[in-house]
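Participant: Okay, handing you the structure first.
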Amino acid sequence: MPSARFRFAPSPNGRLHLGHAYSALLNEQMARQAGGALLLRIEDTDQTRCKPEFTHACIADLHWLGIAFAPNPRIQSEHFEDYDAALRKLWELDAIYPCFCSRKQVAGHARSGHDPDGQPHYGGTCAGLSREVAESKMAAAEQHGWRLRTAGTDAASWGDVMIAKRHVGSCYHIAVVVDDALQGITHVVRGQDLQAATPIHLLLQDLLGLPHPAYHHHALVQDGAGRKLAKSAGDTSLAELRAEGFTPARIRAQLGF
């Protein structure tokens, strides 16, 4: 196994654009310079937005760019049992608690202060539920997510952040740290938009006894108005550029590779 292991981990909730291409190519370049391996991970746990057709399109776009990944990409939606096991361990440690609040209830009982995404801190309605009451609610199949206790930690700016909503398959924070450990990832190279989430991941790694990869957060590709590219904004996809006659070499040159 190469000593250095990088990963590119897109979410298949739309078509890849130049921002994704930059991140993937930077990971490829840094892995090559380190004499390491580059892995592909499909982060598709959010079952309300991720679609199989986007997964296939993502893999096709990366193949077109000529990026060589290690074989057998990890598909997160095939490994919920790994994330559930980590959640059980955190629950046993009392590091997390189930939250049964609706969005309306969360908004109505928000605490003062906002997280790095600009959302008000959770008011803590479910934080003090006894284990007996919480387990009774879960046994009755009440929908819930899992919140991480962050008071007194480097992740405190997030308040008690939601790390998983198992009933909709959304569990980014817990899945990313579990997968980085299982895949032996030594270097996490991702956009600056995820830098603020790093203290959450470091805290989870400490609680679960997992290693810390080295983190590098790169600048984001922006449009002419200085806005970061986004799938939700309908920015030009790699597939559209390909249809316009762009070549992989032109994409690489445009992005500085």
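The values are calculated or read from the model by the stated rules, or taken from the named source; none is laboratory data. Source: prediction; values computed, not measured. Because the Cβ atoms are built from the backbone with ideal geometry, glycine has one as well, and the counts that use them run over all protein chains shown.
Participant: Among the residues of the stretch 109-123 satisfying the criterion of being without any contact (Cβ under 8 Å) to a residue 12 or more places away in the chain and exposed (fewer than 14 other Cβ atoms within 10 Å of the Cβ), which is farthest from A197 (Cα to Cα)?
Facilitator: Here the answer is S112.
Participant: Within the stretch 80-93, identify whether any single residue is assigned to a loop (DSSP other than H, G, I, E, B), in contact with a Ser or Thr (Cβ under 9 Å, 6 or more places away or on another chain) and of a type outside the set (K, R), and answer yes or no.
Facilitator: No, the stretch 80-93 has no match at all.
Participant: Of all the strands (runs of 3 or more DSSP E) wholly in the stretch 149-228, which have at least 2 residues that are closer than 22 Å to F8 by Cα and touching a Ser or Thr at 6+ places or on another chain (Cβ under 8 Å)?
Facilitator: By residue number, 187-191, 214-218.
Participant: Residues of the stretch 81-109 being of a type outside the set (A, V, I, L, M, F, W, C) and farther than 14 Å from E135 by Cα, which ones?
Facilitator: Once the filter is applied, which keeps residues that are of a type outside the set (A, V, I, L, M, F, W, C) and farther than 14 Å from E135 by Cα, the stretch 81-109 yields E81, D82, Y83, D84, K89, S102, R103, K104, Q105, G108, H109.
Participant: Being outside any helix (DSSP H, G or I), hydrophobic (A, V, I, L, M, F, W, C), over 30 Å from W91 (Cβ atoms) and not assigned by TED's automatic domain parsing to the domain that holds A155: is that true of A239 here?
Facilitator: Here the answer is no, as A239 does not meet what is asked.
Participant: Please identify the pairs in which a residue from the stretch 124-152 that is among the acidic types (D, E) has its Cβ atom under 9 Å from the Cβ atom of a residue that is surrounded by 14 or more Cβ atoms within 10 Å (Cβ to Cβ), counting only partners at least 6 apart or on another chain.
Facilitator: Between residues of the stretch 124-152 that are among the acidic types (D, E) and residues that are surrounded by 14 or more Cβ atoms within 10 Å (Cβ to Cβ), the close pairs are E135/P98; E142/P98; E142/F100.
Participant: Now a separate question. Can you name the residue in the stretch 224-257 that is acidic (D, E) and loosely packed, with under 14 Cβ neighbours inside 10 Å and, of all such residues, is nearest to the chain's Cα centre (by Cα)?
Facilitator: Out of the qualifying residues, it is E240.
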